[in-house]
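The values are calculated or read from the model by the stated rules, or taken from the named source; none is laboratory data. Since the model is a prediction, treat every value here as computed from it, not as a measurement. Reconstructed Cβ throughout: ideal geometry from the backbone, glycine too, with neighbour counts over all protein chains shown.
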Amino acid sequence: MKNIRTFNHPFLQERLAVLRDKNTDTAHFRRALIECGELLSIEIARDLPTSEITVETPLEPATVAVMEYSVTVIAILRAALGLAEGLTRYLPDARIGHIGIYRDKETLKPVKYYCKMPSDLANGYMILADPMLATGGSLIAALDVLAALTSLANLRVATIVAAPEGIAAVHEKYPQIPIYTAAVDRELNDLGYILPGLGDAGDRQYGTY
């Protein structure tokens, strides 16, 4: 599928196995989710621009590459908080934005209730975090919010597990947006849950069953 980057490094896949296991407790689930964010950030940042500077080693000058851009990591509340924490581990200067969206359990439609963004999104790159891309409703709603604020040209989506239906829905409206994921699963069930999936990432992350 176009604009889908599946990152199947063994380190990431091992942590995905922990997330999928129904016997994983809250503490280990949360830690694995954060570590998935760390590993995904490496792949997402692979093609971000760098510039060269000269530093003094103990022996002589050396030309080195450094990152010279601002990054904003945007978490869709609440499930993406752990993923966003991991995404910023190697991007300690990243700004953090939050968009509050929940999925109505009857209609499966997204409901927006909160938005707080850094003042200048136009500069640099954005990483929109959502651990589960199921129907795509919440992610599209978040993209709609951001599109009303700034250009999406430098935006990337970070997710752990994606369903084909959700990918298709997002790319029908936003075909240019690259989606980085650890796995593309088989399908959605009648309730809009990803199969085989990993359950409700928010509930499992915070122990709210």
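Just to be sure before I move on: is Val73 surrounded by fewer than 23 Cβ atoms within 10 Å (Cβ to Cβ) and of a type in the set (A, V, I, L, M, F, W, C) in the structure I sent?
No.
Quick check on Arg15: is it under 23 Å from Arg186 (Cβ atoms) and outside any loop (DSSP other than H, G, I, E, B)?
yes
Yes/no per residue for (1) assigned to a loop (DSSP other than H, G, I, E, B); (2) out of contact with any Lys or Arg (no Cβ under 8 Å at 6 or more places or on another chain); (3) not hydroxyl-bearing (Ser, Thr, Tyr):
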| residue | (1), (2), (3) |
| --- | --- |
| Ala62 | no, yes, yes |
| Thr72 | no, no, no |
| Gly82 | no, no, yes |
| Leu91 | yes, yes, yes |
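Every residue, every condition in (1) touching a residue at least 24 places away in the same chain (Cβ under 8 Å); (2) over 15 Å from Leu133 (Cα atoms); (3) among the small types (Gly, Ala, Ser), yes or no:
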site	(1), (2), (3)
Asn8	yes, yes, no
Lys22	yes, yes, no
Ala27	no, yes, yes
Ala45	yes, yes, yes
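Restrict the check to the range 166-178 and report whether at least one residue is closer than 12 Å to Ile76 by Cβ and in contact with a strand residue (DSSP E or B) (Cβ under 7 Å, 6 or more places away or on another chain).
no
Can you name every residue in the range 150-206 that is part of a strand (DSSP E or B) and touching a residue at least 40 places away in the same chain (Cβ under 8 Å)?
Correct list: Arg156, Ala158, Val161, Ala162, Ile179, Tyr180, Thr181, Ala183, Val184, Leu188, Ile194.
For the list (1) touching a helix residue (DSSP H, G or I) at 6+ places or on another chain (Cβ under 6 Å); (2) at pLDDT below 95, I need the number of the one condition that Tyr69 fails.
Just one mismatch for Tyr69, condition (1).
Pick from Val66, Val18: which is surrounded by fewer than 19 Cβ atoms within 10 Å (Cβ to Cβ), more than 21 Å from the chain's Cα centre (by Cα) and free of Cβ contacts under 8 Å to residues at least 40 places away in the same chain?
Of the residues listed, the single one that is surrounded by fewer than 19 Cβ atoms within 10 Å (Cβ to Cβ), more than 21 Å from the chain's Cα centre (by Cα) and free of Cβ contacts under 8 Å to residues at least 40 places away in the same chain is Val66.
Condition test on Asp130, is it among the acidic types (Asp, Glu), within 18 Å of Ile74 (Cβ to Cβ) and buried (at least 23 other Cβ atoms within 10 Å of the Cβ)?
Taking the combined requirement at face value, the residue satisfies it.
Take the conditions touching a His at 6+ places or on another chain (Cβ under 7 Å) and surrounded by fewer than 14 Cβ atoms within 10 Å (Cβ to Cβ) and apply them to Lys109. Does it pass?
No.
Determine if the range 26-49 includes at least one residue that is part of a strand (DSSP E or B) and surrounded by 16 or more Cβ atoms within 10 Å (Cβ to Cβ).
Among the residues of the range 26-49, not one is part of a strand (DSSP E or B) and surrounded by 16 or more Cβ atoms within 10 Å (Cβ to Cβ), which makes the answer no.
Is there any pair linking a residue in the range 29-43 that is farther than 15 Å from Leu91 by Cβ to one that is among the hydroxyl-bearing types (Ser, Thr, Tyr) and surrounded by 24 or more Cβ atoms within 10 Å (Cβ to Cβ), with Cβ under 6 Å and at least six apart or on different chains, and which?
So the pair list comes out empty.
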